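Accompanying notes for the structure given below.
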Amino acid sequence: MSPSAPEPGRVHGRSYLDHAANSPLRPVARSAWLEATEAVGNPSALHGSARAARRVLEDAREQLADDLGAHPTEVLFTSGGSEADSLAVVGGVRASGRERLVVSAVEHPAVLGARALWRSTEVVGADETARLDLDALTGALDDTVGLVSVQTVNNEVGTLQPTDLAAQSAHRVGARFHTDAVQALLWPGVDFAASPADLVSLSGHKVGAPVGVGVLLARRDAPLDPIGLGGRQERDVRSGTQSAALAAAMAAAVAELTANRDEELSRVRTLGARLRRIVLEIEGASLNGAGDGELAHPGIVSATFDGIRADDLLLLLDREGIDASVGSACRAGVHQPSEVVLACGGGHERAISTVRFSLGHSSSSVDLDPLATVLPAAVGQARASLGGRRTGRGGWNE
């Protein structure tokens, strides 16, 4: 190892515990990306260079189809998970010819944001573990519903959702079913052929591909309306010059994950169990979502520390070289109370005191050792800092 290389299991010498926001680039993805940049042609053109780029693009599509249990024509490249969600939800309900869209209250902002674009959107609640209320979903469905969207694994608290049952409920009334599976490639995994979903969103940078590439898996008989203008590439529904290099990088990342899933998942399970123990050793700490149960993603740990503000704790951890987050990173860098905790009835105090730690392909015990040492004192300091800002009315001195 060269003197400038980071320690094994660390990213730039830091303890990186934010894989649910962005996972470090896998070396195989970097190599595939750089090699594919040599294909300079536009894949939609007809000359020799364009045909070479097209071959790279279609090879990546076929590789992803093999690894995800799909037909190549069902793999649509996007700029990421958020665009895949938008295309599936807005494009799907438009194409259905029906009036209503139904989503869960704990969806990613890219799905919940459809409320601003589709006025007949109904939001179905979840229980205190962030698990969809299936009875409420069933009660909300009739033949006016065109599409139902329920994520596979919650991006903030890691709860596994009953997507198979939700899809069956949607299909009973003739509606299509979409699931955001961005956090699900490692666990429980994605097999489109075995899934009842009509549409599945995935993101490359959550599993070690570069930022800027995602996939929408779409059944060949699932209607989609384009939501943008342009050349209508990607089965006539997604416009824009396709990036052969990004497609190749995502295919390489998913292929490596697929080939090594058992080993990677076992390692993340072991690390996740230790991470939960580190958290629960802190007085006044508790886990959100499904906690450490069988419905909890092994690598996503949402923790509430009584008497702190999450921002204060994150800054203290950051100072010690530890990276974590407050939840969804898709808020333009603005930290807000956990929307999922709020949607599950946790209340404002709990929502502002919640931090998310998440693990992935590069994680090792080297990432957790500093957290075990630093966390108790950091929580104590955050509590002391917050105590000085409370007002006599129970509010905050900002």
Got at least one residue in the range 300-315 being under 21 Å from GLU128 (Cβ atoms) and either in contact with a Pro (Cβ under 7 Å, 6 or more places away or on another chain) or free of Cβ contacts under 8 Å to residues at least 24 places away in the same chain (or both)?
-> no
List the number of the failed condition for ALA343; all other conditions in (1) at pLDDT below 95; (2) buried (at least 21 other Cβ atoms within 10 Å of the Cβ); (3) not basic (Lys, Arg) hold.
-> (2)
Is it true that some residue in the range 1-16 is of a type outside the set (Phe, Trp, Tyr) and within 30 Å of ALA130 (Cα to Cα)?
-> yes
Can you tell me which residue in the range 25-40 is surrounded by the fewest Cβ atoms within 10 Å (Cβ to Cβ), limited to those that are of a type in the set (Val, Ile, Thr) and under 18 Å from ALA53 (Cβ atoms)?
-> VAL40
Failed item, numbered, when LEU137 is tested on (1) surrounded by fewer than 24 Cβ atoms within 10 Å (Cβ to Cβ); (2) within 23 Å of VAL237 (Cα to Cα); (3) of a type in the set (A, V, I, L, M, F, W, C) = (2)
Does any residue in the range 71-83 that is in contact (Cβ under 8 Å) with a residue 40 or more places away in the chain and farther than 13 Å from ALA248 by Cα come within less than 7 Å, Cβ to Cβ, of a residue that is in a loop (DSSP other than H, G, I, E, B) and small (Gly, Ala, Ser) six or more places away or on a different chain, and which pairs are these?
-> SER79/GLY212; GLY80/GLY212
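Scan the range 87-96 for residues that are out of contact with any strand residue (DSSP E or B) (no Cβ under 7 Å at 6 or more places or on another chain) and either aliphatic (A, V, I, L, M) or surrounded by fewer than 21 Cβ atoms within 10 Å (Cβ to Cβ) (or both) and report the count.
Total satisfying the criteria: 3.
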Residue satisfying all of: in the range 255-274; out of contact with any helix residue (DSSP H, G or I) (no Cβ under 9 Å at 6 or more places or on another chain) and touching a residue at least 12 places away in the same chain (Cβ under 8 Å); nearest to PRO27 (Cα to Cα) among these | ARG261
The range 271-376: helices (runs of 4 or more DSSP H) wholly inside it with 3 or more residues that are within 16 Å of TYR16 (Cβ to Cβ) and out of contact with any His (no Cβ under 8 Å at 6 or more places or on another chain) are 310-319
Options VAL148, VAL157: the member that is outside any helix (DSSP H, G or I), within 28 Å of VAL326 (Cα to Cα) and touching a Phe, Trp or Tyr at 6+ places or on another chain (Cβ under 6 Å) | VAL148
Could you figure out which of (1) in a loop (DSSP other than H, G, I, E, B); (2) out of contact with any His (no Cβ under 8 Å at 6 or more places or on another chain); (3) farther than 30 Å from GLY347 by Cα isn't true of ASP262?
-> (1)
So ALA130, is it part of a helix (DSSP H, G or I), at pLDDT 95 or above and either more than 14 Å from VAL200 (Cα to Cα) or in the same structural domain as ASP198 (by TED's automatic domain parsing) (or both) = no
For the range 113-133, indicate whether the set of residues that are farther than 12 Å from ALA343 by Cβ and among the acidic types (Asp, Glu) is non-empty.
-> yes
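The values are calculated or read from the model by the stated rules, or taken from the named source; none is laboratory data. Keep in mind it's a predicted model, so treat the numbers as computed, not measured. Ideal geometry is used to build each Cβ from the backbone, glycine not excepted, and the neighbour counts take in all protein chains shown.
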